[in-house]
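The values are calculated or read from the model by the stated rules, or taken from the named source; none is laboratory data. This one's a predicted model, so the numbers in the text were calculated from it and none came from an experiment. Glycine gets a Cβ as well: all are built from the backbone with ideal geometry, and neighbour counts include every protein chain shown. In case anyone asks, the SASA skips ligands and DNA or RNA and just uses the protein heavy atoms, side chains included. Shrake-Rupley method; radii C 1.70, N 1.55, O 1.52, S 1.80 Å.
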Amino acid sequence: MSKEFSRTQRVSQQLQKELAIILQREVRDSRLGMVTISDVEVSRDLAYAKVFVTFLCVGEQTPESCLAALKEHEVPVRMALGKRIRHRLTPEVRFTYDDTLVEGMRMSNLVSEVLNEDKRKQNEAGRDDEQDQSGSEEEGK
């Protein structure tokens, strides 16, 4: 009987939950906006965890500045994580900005623009056809 999820997937899910709690409750930094962990990839030997984060930036904050501030907290976050999970080895945490949400919004906007352009051209072509038809009807009278 095979397992439904591999060990790395189970550890990844657990780390995502624990890191979200740690970042919400224990990391106090005004340079960070609201941090969301979108995914965690764990190496096969469970020594490294690549944490994909997104930010809700406020005011002059940028995702780059928030990520830099978050990277300063990698060691304390790993220590807090080690206290919360029961593993032989606490993975080294590496934060990475996840731009899939921004890219998805950009792609969606591009598709919307193309659809609007299509509708506009269709309407213009429809008006031209109507004008051509009404002009030829008037000539026939």
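Ordered by packing density, taken as the mean number of other Cβ atoms within 10 Å over each peptide's residues, highest first, how do 106-118, 82-94, 60-72, 43-55 rank?
Averaged packing, sorted descending, gives the order 43-55, 60-72, 82-94, 106-118.
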* Calculated Cα extents along the principal axes in Å (choose from (1) 92, 51, 19; (2) 47, 27, 25; (3) 102, 54, 32), label -> (1)
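Does the stretch 1-62 come out rounded, prolate or oblate, given a ≥ b ≥ c as the square roots of the eigenvalues of its C-alpha gyration tensor, rounded meaning a/c under 1.5 and, failing that, prolate meaning a/b above b/c? Please report the intermediate quantities before stating the final value.
Details: a/c = 2.93, a/b = 2.69, b/c = 1.09.
Since a/c reaches 1.5 and a/b is larger than b/c, the shape of the stretch 1-62 is classed as prolate.
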* Note the angle between two axes, namely the Cα long axis of helix 7-25 and the longest principal axis of the Cα atoms of the chain, as a number of degrees from 0 to 90, rounded to the nearest 10. => 90 degrees
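How much mean residue ellipticity at 222 nm does the chain get from its helices, if each DSSP H run of length 4 or more adds -39500 (n - 2.57) and you divide by all residues, to the nearest 500 deg cm²/dmol? Write down the numbers at each step before the final one.
Working: 4 runs with 80 residues, N = 141.
Rounded to the nearest 500, the figure is -19500 deg cm²/dmol.
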* Whole-percent carbon and sulfur share, accessible surface of the stretch 1-93, 1.4 Å -> 50 percent
* Along the charge dipole of the stretch 23-109, Cβ charges K/R +1 and D/E -1, which of Gln61, Val75, Met105 sits furthest on the positive end? -> Val75
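With a 1.4 Å probe and every protein chain left in place, work out the accessible area per residue of the chain in Å², rounded to a whole number.
Values: 10620 Å² over 141 residues.
For the chain, the solvent-accessible area averages 75 Å² per residue.
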* Asked: Based on the Cβ-Cβ distance of Glu113 and Ala20, what FRET efficiency does E = 1/(1 + (r/R0)^6) give at R0 = 41 Å, to the nearest 0.05?
  -> 0.70
* Relative contact order (%) - the chain, alpha-carbon pairs under 8 angstrom, separation at least six -> 21 percent
